[in-house]
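The values are calculated or read from the model by the stated rules, or taken from the named source; none is laboratory data. Note that the structure is a prediction, hence the values are computed from the model and not measured. Side chains included, ligands, DNA and RNA excluded: accessible areas come from the protein's heavy atoms. Shrake-Rupley method; radii C 1.70, N 1.55, O 1.52, S 1.80 Å.
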Amino acid sequence: MSLQPNEVLIIALVALIVLGPKRLPGAIRSIGQTFRQVREFSTNVRQEMDATLSPPIVETTTPTESDNDAEAPGTPARAADDAEAPGETAAEVTDRSTSDGAA
C-alpha cells in the first residue's frame, strides 16, 4: 500500500486538527517507535523461523577415488579381472587368482 503525497497531506491536516499543535510531535514520535518495534519483532520472528525450518548445512566429505580403492586392513585388493563371474563364489575367484599368480 503506497500513499500518494495528497493523501499524506490530508492525514497530516486531520492529525493536526484532532491532536493540536502541542501533542502532534509526541504522537508522531510514539507512532514511529511503535513501527520500529513491530519491524524488529517481525525481523526476529522471521530469523527464528528460518533457523528452525532450515537445518544448518553440514559439510560432508565425498569419498575420493583412493578411498574407494582402499579395503579393510589385511585383505588384498582385488583386481578388475579377479571379479566374480556370475555363479562363481569368492573361493573360486581366490583359487583362480592364486593359480594365475603362481605362473
With just the Cα atoms of segment 2-57, tell me how far they stretch along each of the three principal axes, in Å, largest first.
-> 55, 24, 12
So what J values fall out for segment 26-39 if you push phi through Karplus, 6.51 cos²θ - 1.76 cosθ + 1.60 with θ = phi - 60°, rounded to Hz, Gly and Pro as x?
-> x, 5, 5, 4, 5, 5, x, 5, 5, 4, 5, 5, 5, 5
Rounded to whole Hz, the Karplus (6.51, -1.76, 1.60) HN-Hα couplings of segment 9-22, x for glycine and proline | 4, 5, 4, 5, 5, 5, 5, 5, 5, 6, 8, x, x, 7
Accessible surface, per residue, of segment 1-66 when the full set of protein chains is kept, probe 1.4 Å, Å² | 98 Å²
